[in-house]
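So that we are looking at the same thing, I have put the structure below in C-alpha cells.
The values are calculated or read from the model by the stated rules, or taken from the named source; none is laboratory data. What you see is a predicted model, and the numbers here were worked out from it, not measured in a lab. Methodologically, a virtual Cβ is constructed for each residue, glycine included, from the backbone with ideal geometry; neighbour enumeration extends over all protein chains shown. For the accessible areas, the whole protein counts, side chains as well, though only heavy atoms, and no ligand, DNA or RNA atoms are used. Shrake-Rupley method; radii C 1.70, N 1.55, O 1.52, S 1.80 Å.
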4 protein chains.
Amino acid sequence: MQREIEELCATARGCYARGWVPATSGNFSVRSGDRILITASGLDKGKLTAEDLLEIDISGEVIGGKGRPSAETKLHLVIYRDRPNAGAILHVHSVWNTLLSGKFESEGFVALRGYELLKGLAGVATHEHVESVPIIANTQEHASLAEKLKGVLQENGEAHGVLLSRHGLYTWGKSVAEARRHLEALEFLFEVEGRRLTAGI
Amino acid sequence: MQREIEELCATARGCYARGWVPATSGNFSVRSGDRILITASGLDKGKLTAEDLLEIDISGEVIGGKGRPSAETKLHLVIYRDRPNAGAILHVHSVWNTLLSGKFESEGFVALRGYELLKGLAGVATHEHVESVPIIANTQEHASLAEKLKGVLQENGEAHGVLLSRHGLYTWGKSVAEARRHLEALEFLFEVEGRRLTAGI
Amino acid sequence: MQREIEELCATARGCYARGWVPATSGNFSVRSGDRILITASGLDKGKLTAEDLLEIDISGEVIGGKGRPSAETKLHLVIYRDRPNAGAILHVHSVWNTLLSGKFESEGFVALRGYELLKGLAGVATHEHVESVPIIANTQEHASLAEKLKGVLQENGEAHGVLLSRHGLYTWGKSVAEARRHLEALEFLFEVEGRRLTAGI
Amino acid sequence: MQREIEELCATARGCYARGWVPATSGNFSVRSGDRILITASGLDKGKLTAEDLLEIDISGEVIGGKGRPSAETKLHLVIYRDRPNAGAILHVHSVWNTLLSGKFESEGFVALRGYELLKGLAGVATHEHVESVPIIANTQEHASLAEKLKGVLQENGEAHGVLLSRHGLYTWGKSVAEARRHLEALEFLFEVEGRRLTAGI
C-alpha cells in the first residue's frame, strides 16, 4: 500500500505541473481492501505528500489523518462501490476536459473514436473502439450528484471515465499506474478532439 | 513573515516558468501589519529571491532593500488600502489575460460564469457564480491609473482581480497561498474562455 | 553502445515530458551491428531506464531482457531492414501528428515545404525542399501493417519519417542524436502546419 | 566575460526547454571588445556549455574553440558591426515566429502595437509604441542574406529584432540579460498576435 500511496502523491504533483489541478482543485484516492486514502479538502496538489491523505472507510467515516474530507469524497465512494476492481481514482480539471464537457453536455457524452491511443484504456484492443465518456450536469448538491453518478456508472458499465460539465473528469484503474494511464489517454484525446474542433478539420 | 516572503518568491519563480512574467514584467508583494515587501523594478522573476524585495510603507516610502520601486508600486498600495484583508498581491502578464482584456475592453469586464473552478475564489461556493473581472484601459500615467483602480475596487467590492487592458492581471488574497489560488483559478478560466472563443463553441 | 542506450532512454523520458508518449504509448530502439535493443511492451516512458530494454535479433527473436516485445516491434525490424544506415528508431504519439495524419490520410501524405527547419533532416540543404511524410492507414493487423510499411519505405526512399493515421510517427537516424533531431524537426513542423491550418493563414 | 558566457549558455538551454531551438537549430553569441564567442554549427542547444563556443574575430576568423562556425555566423557579424552597443545576439526558431514571419512576409514586417509588454524593449516607455519587426525573405545564399540584413538594419535603426521568413528571429541587447529580455518580449507578443489572428478577435 505504501508504494501505491507514494505513486498517488507523485501522480498528483505531476498533474499540478501539467496545469490539470489548478487552485487546489482535484482530488485523488487509492484503495486497498477496506482502507481508502484520499486527499483532504483544499490542498495545493503541487506539494502533495502522504501526510496530506485522510484514511476513510467505504461509508466515508474518517479513520485517520489530518484535515477534513472534501465534498467530492462521496463520488469516490460511489465509484469504489460500483467498480469493485478500482484501486485508485483520479479527478482533474483540465482546460480541454472543461471545454469538451461544456460543449457536449446536451448530448450527454463525448465520443472518442478511431484513435490508436484508445488502446491506453484497459480492455480496448483496437483503435476502432468507440469510447463514450458520459457527461453529468454539474451541481453543488452532492447527494443528488452521487445518485446520478451511480446511475451513470451502472448504465455505462464499460466506461473508463465520467465527466462533470464545465467541471472535470473522474477516471480510475485497478492501480494508480492504470488510473494514470487512463487519465493520460483520455486527456490526450480530449486535447486532440478540442483542437480538431477548433481547426474545423 | 519570513515564510510568506519565501512563498512569494517561489510563486514568482513559478509564474516565470509558466510564461506569465516574461521580460522582467510583473510584480509581487506581501504585507504584514505596516510592512510591505515588494519586488524592485526590472528584475528577472525566474531568479527572484528574498534579497530582491524592497521594504516600503503604505505611503510608498522605501524603508529598506536594494533597487528602486517600480512605477506600479502605487497600484499595490491602492489595493492594500482598499482591501484591508489583502496580505499579498500578484501581478502577471499572461498571453490569455492579454488577449481577453483587449477583446473585452470596450465592455469594461470579462465575465466568467458556470465553471466549477470559480470555487477557487474566496467566498464563492457554486459554479453558478458570475465573476466579473473589471478591465481598466491601460495608460502610463500612473497617478491617474491609481485613481481609476481605486474607483474600480470600490465599485466592485466582490471582485477578486482587476485587468489592465492588453497589459495584465492584478489579483490578491489574505495570504500568498490564497492569492496564488486566485491567480491559478482566474488564469485557468481566461484560458478556457480564450480557447472557447477561438473554437467558436 | 552503452552511451547510445543511455541516450535512447533520456530521449524517451524527454518525449514523455513533452506529452509525446502518453499512457505508456510509443516505442524506442537502437541498433549496433546485429544487436537491437527495444523498449518492452507497456512501459511508462517517463521512467525508462536501460533495464527496461529487450535485446532482440533482426528476426525479432528475444535474446535478453525482461518483459515481452510490443506488437510494433515488427515495424522497427522492417525499418532496420530497409534503411541499413538507421541506428535508432523513435515512435511517438503527439497531438499534432495525430491531427495531421488524420486530416491528410486520404491524400496519403503530409507535405512540409518552405521552412528553414527542414534543414534539420539529414541531407536537406535548403528550405526549398519538400518533405512528403507518407501516411499509412492504421490497423491492428501487424503483419499486413509491416508489409505496407515496407512498401512505403521502398517507394519513398528519401523519407525521414512515416505516419500511421491517427496513431503516430516513426522516424529514425544513424544515431539516437540524429533520430531525435529528425523527431524534433518533424514535430515542430507538424505543429506549425497544424496551427497554420487552424488560423487559416 | 566568463559570467556573460555562462549566462549565454543558460539562455540557450532555457530556449531549448521552451521548444524555441529544436533539432540543433538556432545560434547564440556574446561579444566583449574584439572577442566574439558563438555557438559552433550543429549543436544540441539543450546541452550547451562554454566548451561548445567558438572564439572568432569581427571578420569571422576562428581564433579558438572546437567545431566549425555555422553559415549564419555572418549574420551575427553584420549585427555586431551595425549595432555597436550590441553585446549579445540570440537567434531562435519558434512556432509563432515561424507562422507570423510567413504570414506577413509580403508586407515586409510584423507590427506590434498597444501592448504593455512592448516596454520590455530597451528605450520603449509606453504601450502606445509601434514596434515594426522587419521580415527578410529566407535564402540559403548567406552572402546575399548578410547584405540584405545590413540594409534592413540601417533602414530600421530603432528595430529590436529582425525576422527571416518561415525561419526565425534575430534579436540582440547590450548584455545577454537584455537580449533575453528582448527575446521574451518579442516571442510573447508573437504568440499573442498569432493567437489573436487565430481567434479572429
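For Cα pairs less than 8 Å apart in space and 6+ apart in sequence, what is the mean separation divided by the residue count of the range C:96-135, i.e. the relative contact order in percent? Don't skip to the end; give the middle numbers.
Values: 48 pairs, mean separation 16.7, N = 40.
Dividing the mean separation by the residue count of the range C:96-135 yields 42 percent.
Pick from A:Leu163, A:Leu145, A:Leu37 the residue whose mean-square fluctuation is largest in a GNM of chain A, springs joining Cα atoms under 10 Å.
Comparing A:Leu163, A:Leu145, A:Leu37 in the GNM, the peak value goes to A:Leu145.
Okay, next question. In whole angstrom, note down how far apart the Cα centers of the range B:10-77 and the range B:103-130 are.
The distance from the Cα centre of the range B:10-77 to that of the range B:103-130 comes to 27 Å.
Report, as a whole number in µm² per second, the diffusion coefficient that Stokes-Einstein gives for the range B:1-80 at 20 °C and 1.002 mPa s using the Kirkwood radius over alpha carbon pairs.
Working: Rh = 12.4 Å.
The calculation lands on 172 µm²/s.
Taking the Cβ-Cβ separation of A:Val130 and A:Ile201 as r and a Förster radius of 22 Å, what is the calculated FRET efficiency to the nearest 0.05? If you can, show how the numbers build up before the last one.
Working: r = 20 Å, r/R0 = 0.90.
Computed FRET efficiency for A:Val130 and A:Ile201: 0.65.
With respect to the cross-link table entries B:Lys103/D:Lys119; A:Lys150/C:Lys66; A:Lys47/C:Lys66; A:Lys47/C:Lys74; A:Lys174/D:Lys47, which display a Cα-Cα separation exceeding 32 Å?
From B:Lys103/D:Lys119; A:Lys150/C:Lys66; A:Lys47/C:Lys66; A:Lys47/C:Lys74; A:Lys174/D:Lys47, over 32 Å: A:Lys150/C:Lys66; A:Lys47/C:Lys66; A:Lys47/C:Lys74; A:Lys174/D:Lys47.
What ranking, highest mean first, results for peptides D:5-17, A:125-137 when packing means the other Cβ atoms within 10 Å averaged over each residue? Can you show the working numbers first?
Details: D:5-17: 19.4, A:125-137: 16.5.
My ranking of the peptides, most packed first, is D:5-17, A:125-137.
If you don't mind, there's one more thing I want to ask. Show the residues, 5+ positions off or on another chain, whose built amide H is closer than 5 Å to the amide H of D:Phe109.
Close amide H contacts, sequence-distant or interchain: D:Ile135.
Most fluctuating residue of C:Phe28, C:Phe190, C:Phe104 in a GNM of chain C with Cα springs under 10 Å: which is it?
In this elastic network of chain C, the residue with the biggest mean-square fluctuation among C:Phe28, C:Phe190, C:Phe104 is C:Phe104.
What's the whole-number percent of alpha carbon pairs in the range D:1-47 lying beyond 15 angstrom?
The calculated P(r) of the range D:1-47 puts 40 percent of pairs beyond 15 Å.
Next up: In whole Å, what is the distance between the alpha-carbon centres of the range C:135-201 and the range B:78-96?
48
A follow-up question, please. Heavy atoms only, probe 1.4 Å: what % of the accessible area of the range D:51-138 goes to carbon and sulfur, would you let me know?
50
Can you run phi through the Karplus equation (6.51, -1.76, 1.60; θ = phi - 60°) for the range D:104-111 and list ³J(HN,Hα) in whole Hz, with x for Gly and Pro?
9, 3, 5, 7, x, 6, 9, 9
Need the per-residue list for the range C:146-187: every residue with at least 10 Å² less accessible surface in the complex of protein chains than in the chain by itself, probe 1.4 Å, sorted by number.
C:Arg166, C:His167, C:Arg180, C:Arg181, C:Glu184
With an 8 Å Cα cut-off and a minimum separation of 6 or more residues, compute the relative contact order for the range A:69-201 in percent.
Worked out over the range A:69-201, it gives 35 percent.
Tell me, rounded to the nearest percent, the portion of alpha carbon pairs in the range C:64-174 spaced more than 17 Å apart.
Cα-Cα pairs of the range C:64-174 separated by over 17 Å account for 56 percent.
Which of the DSSP-defined H helices in chain C satisfy a minimum axial length of 20 Å, computed from C-alpha atoms, and a minimum mean Kyte-Doolittle hydropathy of -0.5?
Numbers: long enough: C:2-17 (23 Å, -0.42); C:176-199 (34 Å, -0.14).
Once both thresholds are applied, what remains is C:2-17, C:176-199.
Here's another thing I want to ask about it. Where q = 0.16, 0.17 Å⁻¹, what log10 of I(q)/I(0) comes from the Debye formula for chain B, counting one point per Cα?
Results for chain B at q = 0.16, 0.17 Å⁻¹ read -1.00, -1.14.
Scan around A:Ala40 for amide H atoms under 5 Å from its own, H built in the peptide plane at 1.01 Å from N, and keep only partners 5 or more places away or cross-chain.
A:Leu54
Equivalent-ellipsoid semi-axes (√(5λ), Cα gyration tensor) for the range D:68-129, whole Å, largest first?
25, 19, 11
Of all trypsin sites (Lys or Arg not before Pro) in the range A:44-80, which ones are in loop regions per DSSP and have a Cβ with at most 13 other Cβ atoms within 10 Å?
Counting only loop positions with at most 13 other Cβ atoms within 10 Å, the trypsin sites (Lys or Arg not before Pro) in the range A:44-80 are A:Lys66.
For every other residue with a beta carbon closer than 15 angstrom to the beta carbon of A:Glu141, add +1 if it is Lys or Arg and -1 if Asp or Glu, then tell me the sum.
Neighbourhood net charge equals 0.
Quick check: net charge around C:Val110, other residues with Cβ under 10 Å of its Cβ, Lys/Arg +1 and Asp/Glu -1?
-3
List the residues whose amide H sits under 5 Å from the amide H of A:Gly65, counting only those 5 or more places along or on another chain, with H placed 1.01 Å from N in the peptide plane.
A:Glu55
Can you compute the radius of gyration and Dmax for the range D:139-201, using only the Cα atoms, both in Å?
13.9, 41
With solvent modelled as a 1.4 Å probe, how much accessible area in total do chains C and D shield from it at their shared surface, in Å² to the nearest 100?
By this definition, chains C and D bury close to 1900 Å².
Sum up the charges of everything whose Cβ sits under 14 Å from the Cβ of A:Asn85, counting Lys and Arg as +1 and Asp and Glu as -1, but leave A:Asn85 out.
+1
Right, something else. For the protein assembly as shown, count the residues as N, evaluate 2.2 N^0.38 Å, and divide the Cα radius of gyration by that value, please. Intermediate results must be reported in sequence, preceding the final value.
Numbers: Rg = 27.0 Å, N = 804, 2.2 N^0.38 = 28.0 Å.
That ratio works out to 0.97.
Give me the residues in the range C:1-42 whose solvent-accessible area, probe 1.4 Å, is reduced by at least 40 Å² once all protein chains are included instead of the chain isolated.
In the range C:1-42, residues shielded by partner chains: C:Tyr16, C:Pro22, C:Ala23.
Pairs of alpha-carbon atoms within less than 8 angstrom and 6+ residues apart define the contacts here; what relative contact order does the range C:35-96 have, in percent?
27 percent.
While we're looking at this one, here's another question. I'd like to check one number: the per residue accessible area of chain D, probe 1.4 Å, reported in Å² as a whole number.
Values: 7660 Å² over 201 residues.
Using a 1.4 Å probe on heavy atoms only, each residue of chain D averages 38 Å².
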